[in-house]
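Presented below is the structure to which this report refers.
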Amino acid sequence: MNIVELQQAGKNYQGVEALKSIDLNLQQGEVLGLFGHNGAGKTTTIKLILGLIKPTVGQVRVFGDDPTGDNAHNLRKQLGFLQENVSFYQQMTGREVLSYFAKLKGCDNKQVSHLLEEVGLDHASMRRVKTYSKGMRQRLGLAQALLGKPKLLLLDEPTVGLDPIATQDFYQGIARLKAQGSTIILCSHVLAGVEKYIDRALILGQGQLLAEGSLTTLTEKADLPVTFYLQGSNLQLPADLDAHTFPINGGIKLQVSQQQKMAVLKQLVALPTLENIDIQMPRLEDIYRYYTNDMERSQ
Ligand code: ATP
């Protein structure tokens with residue numbers, strides 16, 4: 001059974017086509033990165049999956065059920081959600097906030113201490129939320145999303161406000177949840193952070209699906225080049241390669257296709273004056289730029 005299934009699902013807000021007939025199947029243990037410029041339809045997709053809004057066209061199924069149907073209450077107990085710009089009751093302590101949400105979700109209050117510890121808030125758990133920094137509020141939001149060990153976790157900009165170590169801890173937590181079988185949808189504009197942790201990416205543009213698949217598939221489809229950064233004194237590259245070079249930071253940048261990579265690498269390491277070589281494969285940022293530019297080019 002698919003954990004999430006969108007069949008030609010679309011949403012129209014009084015004339016604004018926020019989402020145009022999207023298909024998506026998500027299986028247990030998968031981590032999906034949901035990307036797109038501002039206003040692309042990411043939050044609308046998340047709201048459809050959470051059952052906060054109904055699709056104008058098509059169908060949405062979560063755990064095989066309609067998330068806005070009669071069983072929605074039970075279904076939501078298996079969901080965890082962290083919204084962008086999370087805000088809580090300022091006068092309550094972190095522990096009180098979490099206990100309150102645990103009660104609402106029908107979870108065992110024993111999880112509260114454990115989760116506060118997991119997100120690094122145990123030392124501040126008795127302080128009122130109004131005294132928390134932005135990053136601390138975000139950590140509390142994460143703890144709230146993890147209540148009840150959700151089978152499906154939807155996280156909208158989860159690392160906003162987190163320091164580099166907390167961000168790293170967060171992604172390690174995502175890897176652990178995935179290993180335990182949770183399905184996760186991550187929405188983020190910080191592409192470098194999520195890259196290593198997603199199985200698939202879905203890129204939206206103005207409500208349309210621009211691309212969907214593993215990073216390998218999307219890279220191959222786009223035929224994105226491999227970049228070599230070369231350092232050495234008086235480096236002379238063979239003429240066929242020289243045509244694809246640019247000078248950079250006292251060295252040379254060379255771009256070739258994926259298919260040429262190994263052959264070119266052999267040529268490069270044979271160069272007598274080569275002192276250093278760095279190889280950069282296409283990153284999620286390159287993939288994102290390619291597919292979103294593609295949309296802009298076709299307009
Ligand atoms: P961001 O990265 O800025 O959060 P997003 O990809 O999450 O953007 P959505 O919030 O899904 O984008 O919005 C998609 C489109 O739908 C936008 O044009 C937005 O203005 C519109 N929209 C969203 N909610 C409503 C609403 N309640 N009423 C009218 N239009 C809406």
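Per-structure values
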| read-out | value |
| --- | --- |
| Cut-off 10 Å between beta-carbons: net charge of the residues surrounding Ser113, Lys and Arg +1, Asp and Glu -1 | -1 |
| Amide H within-cut-off set for Gln258, under 5 Å, with H built and near neighbours excluded | Val226 |
| Exposure proxy ranking, count of Cβ atoms within 10 Å, fewest first, for Phe246, Phe63 | Phe246, Phe63 |
| Calculated log₁₀ intensity ratio I(q)/I(0) where the Debye formula runs over C-alpha points of the range 89-147, q = 0.17, 0.18, 0.24 Å⁻¹ | -0.43, -0.49, -0.89 |
| Rounded D (µm²/s) - the range 94-222, Kirkwood Rh over Cα pairs, Stokes-Einstein at 4 °C, 1.567 mPa s | 81 µm²/s |
| Cα-based equivalent ellipsoid, the chain: semi-axes from gyration tensor eigenvalues, Å | 42, 25, 16 |
| Top of Gln258, Gln267, Gln280 by mean-square fluctuation, Gaussian network on the chain, Cα under 10 Å | Gln267 |
| When each of Lys11/Lys77; Lys54/Lys130; Lys11/Lys196; Lys110/Lys178 is checked by Cα-Cα distance, pairs over 27 Å | Lys54/Lys130; Lys11/Lys196 |
| The range 225-281: proportion of alpha-carbon pairs further apart than 16 angstrom, % | 31 percent |
| Gap separating the Cα centres of the range 92-159 and the range 211-274, nearest whole Å | 47 Å |
| If the convex hull is drawn through the Cα atoms of the range 51-138, its volume per residue in Å³ | 119 Å³ |
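Laboratory data are not the source of any read-out in this text; all were calculated from the coordinates shown. All figures in this text were calculated on a predicted structure; none of them were measured in a lab. As a convention, Cβ positions derive from the backbone with ideal geometry for all residues, glycine included, and neighbour counts pool all protein chains shown.
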